[in-house]
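**Student:** To start, I am sharing the structure in question, which I have written as structure tokens.
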Protein chains: 2
Amino acid sequence: MSSSSWIDRAHALLAADGRKRGGARTAVLELLGGESCALTAVEIEDALRAQSSRAVSRASVYRILDQLECLGLVQRVETGQAMVRYERVHEHDEHHHHLVCDGCGLVMPFSDAGLERAIRSISERVPLSVSEHEIVLHGACPDCRDVEGEHHT
Amino acid sequence: MSSSSWIDRAHALLAADGRKRGGARTAVLELLGGESCALTAVEIEDALRAQSSRAVSRASVYRILDQLECLGLVQRVETGQAMVRYERVHEHDEHHHHLVCDGCGLVMPFSDAGLERAIRSISERVPLSVSEHEIVLHGACPDCRDVEGEHHT
DNA sequence: ATAAGAACGAGACTTAGTCTTATCATGGCT
DNA sequence: AGCCATGATAAGACTAAGTCTCGTTCTTAT
């Protein structure tokens with residue numbers, strides 16, 4: 001199962017970075033390991049409080065996410081929803097991007113080789129050493145499109 | 001000059017939408033018309049206050065930007081800098097995207113036909129009617145890259 | 001000129017995210 | 001085992017972007 005291997009890799013990288021173990025970080029890792037798509041810091045805080053597994057304070061959530069981002073274990077995703085989302089990054093995993101429904105806020109992943117190619121080529125021609133990219137396409141999901149058309153029910 | 005034609009078009013569309021003229025909106029239009037790249041709401045507020053041309057309250061800035069966005073006159077740009085940027089949209093103008101320096105916050109525009117092609121093709125294959133896209137590549141500008149390497153001055 | 005309604009300003013309010021400080025846990029060391 | 005240095009955590013004050021409300025002022029059609 002790839003999620004537990006991600007957790008293992010995370011623990012290993014953290015140890016290599018000279019970090020000690022702690023209950024809060026372990027809880028966050030386990031939550032992220034079991035999620036395939038992007039969560040906000042607030043969602044993480046709430047989920048942990050609700051799961052009765054272990055509550056983690058807001059400051060810890062942000063600190064832990066920062067550490068994980070520095071180690072390349074999670075990635076920030078800007079969905080234009082006024083808050084940052086985070087999701088785990090797999091080593092070999094194909095890079096994926098996101099579709100956001102502006103109606104209901106639904107976020108879903110997609111990936112495309114042509115897009116990656118285009119971006120790689122741009123990165124070489126531009127006056128900026130590009131470190132990462134994250135593409136978000138906005139639109140309406142099937143449900144929300146239907147609702148829009150229902151001005152006659 | 002294309003900026004004044006954008007202002008004219010804006011006034012025309014607003015009138016067609018049944019809106020009356022007002023000093024605050026005119027001031028915002030003139031500022032945006034003279035800017036080629038994206039500004040934040042706060043930058044707009046500050047610029048207008050500083051320019052002695054005409055101060056515009058925060059609520060008005062946001063209200064006006066919303067109206068302009070609805071009419072397709074401005075576009076939101078998510079740069080991942082914890083605040084939204086807005087820039088004017090030209091009818092025929094080729095679509096442009098942005099490079100953001102994570103070191104100093106510099107934002108600069110770029111455009112690429114291959115990228116547009118890739119996105120158009122994705123839009124057709126995805127379970128979401130894509131309405132808009134805005135791509136932001138992150139990295140380090142030449143200045144900031146140099147600074148990073150200067151751990152020995 | 002007047003009235004209807006749009007535009008505006010002031011400031012209270014909300015909330016994502018940051019920062020501070022005190023307390024707690026961990027693991028090395030004697 | 002007991003102590004101590006250091007990193008991890010909790011609680012909540014704080015910052016700032018963005019929203020909301022409501023009373024006032026300005027536009028424009030008649």
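The values are calculated or read from the model by the stated rules, or taken from the named source; none is laboratory data. Quick caveat, the model's predicted, so the values are computed rather than measured. Here Cβ is always computed from backbone atoms with ideal geometry, including for glycine, and neighbour counts include all displayed protein chains. Side chains included, ligands, DNA and RNA excluded: accessible areas come from the protein's heavy atoms. Shrake-Rupley method; radii C 1.70, N 1.55, O 1.52, S 1.80 Å.
**Student:** How about the range B:36-52: which of its residues are open to solvent by 20 Å² or more (accessible area, probe 1.4 Å) and within 15 Å of DNA strand D (Cβ to nearest atom)?
**Tutor:** Of everything in the range B:36-52, those that are open to solvent by 20 Å² or more (accessible area, probe 1.4 Å) and within 15 Å of DNA strand D (Cβ to nearest atom) turn out to be B:LEU39, B:VAL42, B:GLU43, B:GLU45, B:ASP46, B:ALA47, B:ARG49.
**Student:** May I pose another question? Quick one: B:VAL126 ticks every box in (1) open to solvent by 10 Å² or more (accessible area, probe 1.4 Å); (2) in contact with a strand residue (DSSP E or B) (Cβ under 9 Å, 6 or more places away or on another chain); (3) more than 9 Å from every other protein chain (Cβ to nearest Cβ); (4) more than 20 Å from A:VAL84 (Cβ to Cβ) bar one, so which box is it?
**Tutor:** (3)
**Student:** Moving to a separate point now. So which residues in the range B:25-60 are within 8 Å of DNA strand C (Cβ to nearest atom) and more than 21 Å from B:SER5 (Cα to Cα), if there are any at all?
**Tutor:** B:ARG54, B:ALA55, B:VAL56, B:SER57, B:ARG58, B:ALA59, B:SER60
**Student:** What pairs can you find where one residue is in the range B:102-113 and in contact (Cβ under 8 Å) with a residue 60 or more places away in the chain, the other is among the small types (Gly, Ala, Ser) and open to solvent by less than 60 Å² (accessible area, probe 1.4 Å), and their Cβ atoms are less than 7 Å apart, with a gap of 6+ or different chains?
**Tutor:** Between residues of the range B:102-113 that are in contact (Cβ under 8 Å) with a residue 60 or more places away in the chain and residues that are among the small types (Gly, Ala, Ser) and open to solvent by less than 60 Å² (accessible area, probe 1.4 Å), the close pairs are B:VAL107/B:ALA38.
**Student:** Take B:GLU69 and decide whether it is touching a residue at least 24 places away in the same chain (Cβ under 8 Å), open to solvent by 40 Å² or more (accessible area, probe 1.4 Å) and touching a Lys or Arg at 6+ places or on another chain (Cβ under 9 Å).
**Tutor:** Spelling it out, it is not the case that B:GLU69 is touching a residue at least 24 places away in the same chain (Cβ under 8 Å), open to solvent by 40 Å² or more (accessible area, probe 1.4 Å) and touching a Lys or Arg at 6+ places or on another chain (Cβ under 9 Å).
**Student:** Also, quick follow-up: Does the range B:15-35 include one or more residues that are touching a residue at least 40 places away in the same chain (Cβ under 8 Å), under 24 Å from B:HIS97 (Cβ atoms), open to solvent by 70 Å² or more (accessible area, probe 1.4 Å) and within 13 Å of DNA strand D (Cβ to nearest atom)?
**Tutor:** Looking for residues that are touching a residue at least 40 places away in the same chain (Cβ under 8 Å), under 24 Å from B:HIS97 (Cβ atoms), open to solvent by 70 Å² or more (accessible area, probe 1.4 Å) and within 13 Å of DNA strand D (Cβ to nearest atom), one finds none in the range B:15-35, hence no.
**Student:** Related question: Of the conditions (1) in a loop (DSSP other than H, G, I, E, B); (2) open to solvent by 40 Å² or more (accessible area, probe 1.4 Å), B:VAL56 clears all except one; give me its number.
**Tutor:** (2)
**Student:** Which one of the conditions (1) over 23 Å from B:THR79 (Cα atoms); (2) within 15 Å of DNA strand D (Cβ to nearest atom); (3) not aromatic (Phe, Trp, Tyr) does A:SER4 fail to meet, given that it meets all the rest?
**Tutor:** (2)
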